[in-house]
1. What FRET efficiency, computed as 1/(1 + (r/R0)^6) with R0 = 25 Å and r the Cβ-Cβ distance, is obtained for Q185 and L75, rounded to the nearest 0.05?
2. If you average the C-alpha positions of the range 99-143 and of the range 14-41 separately, how far apart do those two centres end up, in angstrom?
3. At q = 0.19, 0.26, 0.28 Å⁻¹, what base-10 log of I(q)/I(0) does the Debye formula yield for the range 85-151 when every alpha carbon is treated as an equal point scatterer in vacuo?
4. For the range 208-248, count the residues as N, evaluate 2.2 N^0.38 Å, and divide the Cα radius of gyration by that value, please.
5. Can you give the three extents of the C-alpha atoms in the range 71-199 along their principal axes, from longest to shortest, in whole Å?
6. I'm checking a number: the convex hull volume of the Cα atoms of the range 16-86, normalised per residue, in Å³. What is it?
7. Cα centroid distance between the range 161-193 and the range 61-75, in Å?
8. Could you tell me, in Å, what Rg and Dmax come out for the Cα atoms of the chain?
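Values in this text are rule-based calculations from the coordinates and carry no lab data. Computed from a prediction, not measured in an experiment: that's the story for all the values here. As a convention, Cβ positions derive from the backbone with ideal geometry for all residues, glycine included, and neighbour counts pool all protein chains shown.
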Amino acid sequence: MKKQIIILAAGKGTRMKSELPKVMHKIGGESMLARVMSNCSKSTDAKSTNDLVLVYSEHLEPYLSELQFKGKLVLQEEQLGTAHAVSVAKNHFKKDAYIAVIYGDSPLITNDIIEGLFQHCRENDSKATTLAFEYDKENQYGRIVVDERGNFQKIIETKFANEDEKKITLCNSGVMVFAPGILRQYIDQCLITDEQNPQKEFYLTEIIELCQKCGEKVSFFLTNHSNLVVGVNTQDELASANLSLQKD
């Protein structure tokens, strides 16, 4: 099974209220991004420089030498959302590999979880698989909508969800895996401005509904370790992540 991982680390992280780029804040003595890079390297074996792709912004440039990243570097000059971040790396997509998209602000995600997501996608013959978790507290994660049979239908971003949809406890972590060729086929279709999206913020989650409409099989992989897959966006969440690491 050939694997490639795209790490998204271009977000400004304004909610962190710090001059330091969000992904460079430390968890357990090393930066969040360094931790993510390490686990991603284990999952891909990093046999070639194209196995790992890091999408970064100019804010991260002063720290690149410190990170000693061995993969492909792709600069995202404008931050227009997760789908746009993935699209700027499309020239580096491996044609014959399963491709994962993982976030640089998910420092506690483990190699086991990443491996489980890859395996679920392949074994279920899915074209797109998202990492899901149950969470019953108020949060900003997208909600996963299923039909009466439990079949995956779509992901609704919290900002577009109504009150009933916000009560859904099945949440999307944002981490996804795609079968060979799927990202290349559909990513540009996520970059469309419409009445619902006047700010030109393009979400990778749109690819799930696109795949569904085109008859592609999609699925979600449910992890029981919600504390390991949630992202870090604030100083309070950073403190919680450090505490969680200490408990383990």
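1. With a Förster radius of 25 Å, E is 0.55.
2. If you average the Cα positions of each part, the centres end up 19 Å apart.
3. -1.07, -1.39, -1.39
4. Working: Rg = 16.1 Å, N = 41, 2.2 N^0.38 = 9.0 Å.
That works out to 1.79 for the range 208-248.
5. 41, 37, 28
6. Convex hull volume per residue, Cα atoms: 105 Å³.
7. 27
8. Expressed in Å, the Cα Rg and Dmax of the chain come to 16.9, 51.
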